1. Please build a GNM for chain B, connecting alpha carbons under 10 Å apart, and tell me which residue among B:209, B:114, B:66 fluctuates the most.
2. Name the residues of segment B:121-143, by number, that are at least 10 Å² less accessible with every protein chain in place than in the isolated chain; the surface is that of heavy atoms, probe 1.4 Å, without ligands or nucleic acids.
3. What's the angle, to the nearest 10 degrees (0 to 90), between helix B:233-251's Cα axis and the longest principal axis of chain B?
4. Once you have the Cα-Cα distance between residue B:167 and residue B:68, take 0.36 nm times their residue separation minus that, and quote the gain in nm to one decimal.
5. When only alpha-carbon atoms are used, what values of Rg and Dmax, in angstrom, describe segment B:11-117?
6. Among B:26, B:229, B:146, which one shows the highest mean-square fluctuation when chain B is modelled as a Gaussian network with alpha-carbon springs under 10 Å?
7. Working from the pairwise distances between different alpha carbons, so that the mean of 1/r is found and then inverted, what is chain C's Kirkwood radius in Å?
8. For segment B:89-154, state the average projected area of the convex hull of the C-alpha atoms over all orientations, rounded to one decimal in nm².
Amino acid sequence: MEKPERLIVDGKRLDGRAPDELRPLRIKAGVLKRADGSAYVELGRNKILAAVYGPREMHPRHLQQPDTAVLRCRYNMAPFSVEERKRPGPDRRSVEISKVAREALEPVVFLELYPRAAIDVFIEVLQADAGTRTTGITAAAVALADAGIPMRDLVAAVAVGKVDGTIVLDLTSEEDQWGTTDMPVAIMPRKKLITLLQMDGHFTGEEFRQALSLAFKGCEQIYEAQKQALRERYSVKREEGE
Amino acid sequence: MMYEIVSTVKRDYIIDLARQGKRVDGRALDQYREISVEKNFVEPAQGSALVKLGNTQVLVGVKLERVEPFPDEPSSGVLIVNAELLPLASPTFEPGPPDENAIELARVVDRGIRESKAIDLEKLGIKPGEEVWAVFVDIHVLDHDGNLIDASALGAIAALWSMKPPDVEDWKLPEFPISKKPVAVTIAKINERLMVDPCLDEENVMEARVTITTTEDGSICAMQKGGVGCFTPEELEAAYELARAKAEELRKFIG
Amino acid sequence: MLHVQNRELVVPGQLLAEGGYVIRQGAFREGSRIYSSVVGLADLHGQEIRVIPLQGRYIPKRGDVVIGVVIDTHYSGWILDLNSPYVGNLFVSDLLRRKVDLMREDISKYLDVGDVLVAQVKDVDELMRVQLEAGEPGLGRVEGGKLVEISPAKIPRVIGRKGSMLNTLQSVSGCRLKVGQNGRVMIWGDDQRMVNAVVEALLMIEREAHTSGLTDRVRAMLEKLKSEGGE
């Protein structure tokens, strides 16, 4: 696709959204049998699966911590998740995303309850649009809760940015590619604390403040959908034939 | 890969059930778990299928890419099958490059497609000696509750039958050149009994398994015996009859 | 002041109450506010608050009866998988309740890898090292039967108030059950059909643990299967 002349026309983005609008969002908790907890999230054309195993015995043993569990995170993209086939296995990008995703999630988990154990989070991108790391974190937080792991809060994440001089919520891949700025943010909604922040591009101080407040607004909506997904998972499903 | 912990009690229970011709989840010996196939699950792939076999879930995506041909077949397309046993699919799967189980899985699926000549690779040349189409079949195991081979093989052939031709000038064919529907059927042997579609509990105690891949005319295009136990020739004949009959049922899901 | 109703489904981080309540389980305090730490059912009793979790792995506690699977033998005892992040250790003296001459006796004749054992948690230290004992009546190696695993969080429901669910399961099915706090249940019965019916009932309890009237539904389901007769 070639760069469009304008990414925002008459206040609307190319997909028809207003600048402060999320793409369609769908979250489902408890989608895998083997994992201790799992979640599936669609945001726009993103299709992302997260699974949690643990707390479980830490291998290799020398990585055990005597007074706490260790949270581990692996972000991975399926070879067919993007236009050009991605070679299987970790690359520098996925290693970095795994690290920042882990650091985004760790503040909410009561790791101290499980000395010597490991909690493993696997984020699997089945279909990538823009915002896979933030959508992955959103899915992982639901999967952690679905695994019954004690948490202070959930973590909701979204990207904001600047496109054609306008601050926008939840970038599309076109906006990510041709926009000026991309800023993924994850927050603990209850205490309004930021647990992930990355940015590339250009913001003035004022634009940054505006973008951050828009990220909070988007995360609030995502947080509501996360809680709803967890409630739906356990809402009464009595298969009574009679 | 770590091992599943199987208690003696569980093992004895499944083996004793087999003696009575019964199974741990109440199925008949020749009965598959519930099957569903959702095609075109991922957009960036030219073809894809999400297969559920009971609680087992496998997503297969197919992508076409330009590559250099092999020197001995300069005008022929290339088939590449890869399988990832993702650590999200089982507590026993670990991150890292494909282990022997993942490689066996990919190669058994590969042989079914390749040897049945399901894809006419001859038609997938672009510039002889310089460029041909490579068909990348990526098997992504999402949830492992047994019989990954049948789920993956079904996913692969369903994905190949759902192929949308790529929207590029070099692509001259009206559609993706596929003509056959090979289907893999895996039969496990437990306590002298043969049963199709072993679930994970059964895989953990089975003596051996055999996968027989057949095409529409009932002929065999690939086989693979696995596990440390053995089969008699009579058992293999019975397994073939089972495989042929079950393949017909499974083939309906390819569409 | 309470912010949720009794038996309400809550999620991590949800405000449960403010003030001087006592937290029993599944919640934490920040200042005067009390929040849920898990997905579960709020359980409010006077000044006591807890959240009954609906998921989660088994964490060993002293006094729990658990069902373990032997994964390793060493010269003075065994290591057992407890369906938990932490393995259990059993010394031979805590199984046989007598002194054993380890130089002379091969202890694998008492317990071997793969064996299933009903044990009690004797002690858990601050590093979560778990000591088991299995010498008392009702504990020890099990034979025959069917082993089922369900979510450990649902085990209190399998037992029921004062054992009511467990009584129903056993009396209606005619099977004998042993329930481990770690999510493992052993079932013994002569009628294969009723053993399978109990498995169905356990899965139903697991699915519907957070609903009311469950004991009656389990009883009805078992009785229906029972009246359908043998094959």
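1. B:66
2. So the qualifying set is B:136, B:138, B:140, B:142, B:143.
3. Computed tilt is about 60 degrees.
4. 33.6 nm
5. Reported Rg and Dmax, both Å: 18.4, 56.
6. Largest GNM mean-square fluctuation: B:26.
7. Roughly 19.6 Å, rounded to one decimal.
8. 5.8
The values are calculated or read from the model by the stated rules, or taken from the named source; none is laboratory data. All figures in this text were calculated on a predicted structure; none of them were measured in a lab. Counting neighbours? That spans all protein chains shown, and the Cβs are built from the backbone with ideal geometry, glycine included. Just so you know, the surface numbers come from the protein's heavy atoms only, side chains and all, with ligands and any DNA or RNA stripped out. Shrake-Rupley method; radii C 1.70, N 1.55, O 1.52, S 1.80 Å.
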